[in-house]
Structures are given as C-alpha cells and as structure tokens.
1. Criterion first (over 15 Å from the mean Cα position of the chain (by Cα), without any contact (Cβ under 8 Å) to a residue 40 or more places away in the chain and more than 16 Å from His2 (Cα to Cα)) does Ala45 satisfy it?
2. For the stretch 8-20, enumerate the residues that are more than 11 Å from the chain's Cα centre (by Cα) and surrounded by 13 or more Cβ atoms within 10 Å (Cβ to Cβ).
3. Run Arg85 past the list (1) modelled with pLDDT under 95; (2) basic (Lys, Arg); (3) under 14 Å from the mean Cα position of the chain (by Cα) and report the number of the one that doesn't hold.
4. Among the residues that make up the stretch 52-68, is at least one of them surrounded by fewer than 11 Cβ atoms within 10 Å (Cβ to Cβ) and touching a residue at least 12 places away in the same chain (Cβ under 8 Å)?
5. Working carefully through the options Ile5, Ile28, Ile73, find the one that is within 28 Å of Gln98 (Cα to Cα), over 11 Å from the mean Cα position of the chain (by Cα) and either surrounded by 15 or more Cβ atoms within 10 Å (Cβ to Cβ) or of a type in the set (A, V, I, L, M, F, W, C) (or both).
6. Suppose the filter is loosely packed, with under 15 Cβ neighbours inside 10 Å, free of Cβ contacts under 8 Å to residues at least 24 places away in the same chain and not hydrophobic (A, V, I, L, M, F, W, C); does Lys38 pass it?
7. Pairs under 7 Å by beta carbon, first residue more than 19 Å from Ala80 (Cα to Cα) in the stretch 1-30, partner at pLDDT 95 or above and of a type in the set (Phe, Trp, Tyr), six or more apart or different chains?
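The values are calculated or read from the model by the stated rules, or taken from the named source; none is laboratory data. Predicted model only: the values in this text are computed from it and were never measured. Virtual Cβ from ideal backbone geometry, glycine too; neighbours counted across all protein chains shown.
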Amino acid sequence: MHVQIVNFNLRDLSDGDYRKACDGLAPIFADVPGLISKVWLADEAANTYGGVYTWTDRAAMETFASSDLFKGIVANRNFANITSRDFSVLAGPTAVTQARIPAAA
C-alpha cells in the first residue's frame, strides 16, 4: 500500500458548493484504478480541504498523478496552494489496524 495526502484552500468557492461538488465526484474517484479508498477532508474554519488516498502501490498513485482527473484538480481555478505528499505504509502494524475506521456522517 501507499498513501497520498492532498490539501488545498478554496478560492471563490463556498464550503457548501464544494461539498455538493464532492458528492457528485465521489463515484468518479471510486472507479480510479488502484485506489483502495479516499477520505475526503474539510476544515471550513481553516479553509483547508483535500483527501487522504490509499493506493494499492506507489505505481497506482503515480498513474493517478499523471491522469486527466488529477491534472484537472491541479488546474482548478477554485483550488489554491495545492500540496501533494505521499508516504510508504508500514505493513505490519497497518495490517492490525486497517479497516477499523467507520465513515462519519
């Protein structure tokens, strides 16, 4: 597994409009090859948004990073200060604790 964390600030887009757009985009992300999960992030008070992506491997993340979908995120005029970091996963302890976080309402 491999993890990618993407963060950005909204520009000329309200929190509510962003959340509505995310609801429409979620099915598209669900079909991205190699994506195990995406946790959508929102901190309206700090104007910080993004996602935590869990990938099958680094190659899947790199394929996504070169995709039109990711290029569209980076080019979106409503997103400012975009950062993307990726991390290796510690397999042993992750196997013990993975899939234990339920989706919040």
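1. yes
2. Those that are more than 11 Å from the chain's Cα centre (by Cα) and surrounded by 13 or more Cβ atoms within 10 Å (Cβ to Cβ): Asn9, Leu10, Leu13, Asp15, Tyr18, Arg19.
3. (1)
4. No.
5. Ile28
6. Considered against the rule, which asks whether it is loosely packed, with under 15 Cβ neighbours inside 10 Å, free of Cβ contacts under 8 Å to residues at least 24 places away in the same chain and not hydrophobic (A, V, I, L, M, F, W, C), Lys38 comes out as no.
7. Met1/Trp55; His2/Trp55; Val3/Tyr53; Val3/Phe87
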